[in-house]
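Down below is the structure, laid out as structure tokens.
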Amino acid sequence: MVPDYARARQGKRAAYDEATIHAILDSGLVGHVGFVADARPMVIPMAYARVGSTLYLHGASKTRIMGLDGQKLCLTVTQLTGIVVARSSFHHSVNYRCAIVHGYARKLRDNEHAEALDAITDHLLPGRSAEVRPMTSQELKATGVIAIEIEAASAKIRTGPPVDDAADLPSTSWGGVVPVVTALGTGVQDGHTPDNTAAPASLRKAQMKFLA
């Protein structure tokens, strides 16, 4: 049963199955998290990772969101896939995939911190946590993670060409879709990387996530 607050206004574009929602969450790179702090609405872009029905959010340990526990949160992940070019301003649109998650903040249990940080690192670059040294105790202390337990979630997806009015179709104006492509380019090594050092496997895995 999906609560009313999680239902999309345009039901024909909505999806509520876990496979669709998880696919969007797992392929996104940044989530925008909404919450209320000091009686003010806040929306913050954050790195994240999904493990089962839990989302982990990464940030500095002293930020206000890291102090939340039990408060309601909303996280959205949006992927823009095209600009929809119509024959009238009214029917211009965008194609996209969006996941909206509702839940509540939860402080981490003792054994979750390092595992959650590895999950967030591997969400950006799959397998990267095994390629680097473990975090020091000072680094762990300085790096905050908060969990969102998912209570409800929905997806909203638009695909396809413009939906023009029949009266506009005889127009000689161009109509269609301009694709928006997300890709990871070739890694540019820094000055401390020895020449001829191969890019890590995690980078290639991350690039593969965006190849059609």
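What's the number of the only condition in (1) open to solvent by 40 Å² or more (accessible area, probe 1.4 Å); (2) closer than 30 Å to TRP174 by Cβ; (3) in a strand (DSSP E or B) that VAL84 fails to meet?
(1)
What residue, of GLY31, GLY82, GLY52, GLY59, is within 30 Å of GLN207 (Cβ to Cβ), free of Cβ contacts under 8 Å to residues at least 40 places away in the same chain and under 20 Å from the mean Cα position of the chain (by Cα)? If you could, list the steps in order and put the result at the bottom.
Numbers: GLY31 fails: free of Cβ contacts under 8 Å to residues at least 40 places away in the same chain; GLY82 fails: free of Cβ contacts under 8 Å to residues at least 40 places away in the same chain; GLY59 fails: free of Cβ contacts under 8 Å to residues at least 40 places away in the same chain.
Checking each option against the conditions leaves just GLY52.
For residues that are at pLDDT 95 or above and in contact with a Lys or Arg (Cβ under 7 Å, 6 or more places away or on another chain), tally how many sit in segment 55-93.
Looking only at that region, the number is 3.
For the structure I just gave you, tell me whether ALA49 is in contact with a helix residue (DSSP H, G or I) (Cβ under 6 Å, 6 or more places away or on another chain) and more than 14 Å from PRO162 (Cβ to Cβ).
On the way: in contact with a helix residue (DSSP H, G or I) (Cβ under 6 Å, 6 or more places away or on another chain): yes; more than 14 Å from PRO162 (Cβ to Cβ): yes.
Yes, satisfied.
The values are calculated or read from the model by the stated rules, or taken from the named source; none is laboratory data. Everything numeric here is computed off the predicted structure, so don't read it as measured data. Every residue, glycine as well, gets a Cβ built from its backbone with ideal geometry; the counts of neighbours run over all protein chains shown. The protein model used for the area step is the full one, side chains on, heavy atoms only, and it has no ligands, DNA or RNA in it. Shrake-Rupley method; radii C 1.70, N 1.55, O 1.52, S 1.80 Å.
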